[in-house]
Amino acid sequence: MTSILQTENVHLYYGESEALHGFDLSFNENEITALIGPSGCGKSTFLRCLNRMNDLRPNVTINGSFKFQDEDIYAPSTDLTELRKNIGMVFQQPNPFPFSVYDNVAYGLKISGMKDKDKIDKIVENSLKEAAIWDEVKDDLNKSALSFSGGQQQRICIARVLAVKPKIILMDEPTSALDPISSSKIEDTLVNLKKDFTIIMVTHNMQQASRISDKTAFLLNGDLIEYDSTKKMFINPNKQKTSDYLNGEFG
């Protein structure tokens with residue numbers, strides 16, 4: 001397996017308070033990695049380091065090494081627009097723009113200067129197909145994305161990220177606001193997408209992590225407790241804390 005993203009000795013501070021205590025994680029191409037752990041353990045904080053979303057927060061200091069395809073994510077020369085195109089993000093709450101379905105998915109393409117309508121049409125259709133939402137919206141592409149159900153909105157958001165062809169998709173609890181049927185559709189979508197993308201996903205749902213991820217990282221109080229293949233971790237974890245968490249003894 002080829003590693004696409006490596007992080008080393010990651011420390012993050014909110015003011016004087018240290019939230020991430022120095023750990024290493026690397027991610028392989030075409031795998032789904034689940035970040036698990038109780039609320040407040042640092043999962044989303046770490047995830048947001050990977051495409052510099054924490055830059056938007058005041059009073060945050062980040063130390064350590066973050067390399068995407070051997071390039072330093074935090075180098076002064078890094079183009080943030082290009083970084084976030086390559087490392088896209090899907091949030092916990094579906095957040096489509098108040099535009100049509102078509103304009104949501106085409107947004108990143110138009111921003112990057114693409115003018116060819118036929119090309120945009122094709123990418124919009126392919127992205128909606130990849131996100132497993134095409135059949136539900138193909139007759140309503142000019143309808144507001146906000147008029148669809150939460151699960152449909154989330155898949156439209158996934159299509160919006162896919163349209164700009166990222167290398168990595170970050171997902172911060174992408175199904176936690178959804179009903180079980182919508183969640184199941186998105187899980188199926190993610191398993192199909194890993195053929196072409198690398199996915200790093202925060203989830204509170206242990207069953208979800210065990211069903212769809214290749215690797216799992218368990219965080220607790222800002223520390224990385226264990227990182228292994230999902231099958232190995234769920235059947236035979238190395239650390240007692242991992243076993244206790246997976247068995248519902250805390251969190």
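All of the numbers you see were taken from the coordinates with simple rules; none came from a lab. All values derive from a computational prediction rather than experimental measurement. Glycine gets a Cβ as well: all are built from the backbone with ideal geometry, and neighbour counts include every protein chain shown.
Structure notes:
- Being of a type outside the set (Val, Ile, Thr), surrounded by 19 or more Cβ atoms within 10 Å (Cβ to Cβ), more than 18 Å from THR216 (Cβ to Cβ) and out of contact with any Ser or Thr (no Cβ under 6 Å at 6 or more places or on another chain) holds for only one residue in CYS41, CYS49, and it is CYS49.
- Among the numbered conditions (1) assigned to a helix (DSSP H, G or I); (2) of a type in the set (A, V, I, L, M); (3) buried (at least 18 other Cβ atoms within 10 Å of the Cβ), the only one that LEU141 does not meet is (1).
- Any chance GLY64 is surrounded by 13 or more Cβ atoms within 10 Å (Cβ to Cβ), in contact with a Pro (Cβ under 9 Å, 6 or more places away or on another chain) and part of a strand (DSSP E or B): no
- Complete set of residues in region 110-164 that are of a type in the set (D, E, K, R), without any contact (Cβ under 8 Å) to a residue 40 or more places away in the chain and closer than 17 Å to ASN86 by Cα: LYS110
- When GLY88 is tested against (1) under 21 Å from MET233 (Cβ atoms); (2) of a type outside the set (D, E, K, R); (3) within 15 Å of the chain's Cα centre (by Cα), only condition (1) is not met.
- Residues of region 67-99 that turn out to be surrounded by fewer than 19 Cβ atoms within 10 Å (Cβ to Cβ) and small (Gly, Ala, Ser), as a count: 2
- Filter result (over 18 Å from the mean Cα position of the chain (by Cα) and aliphatic (A, V, I, L, M)) within region 25-73: VAL60, ILE62
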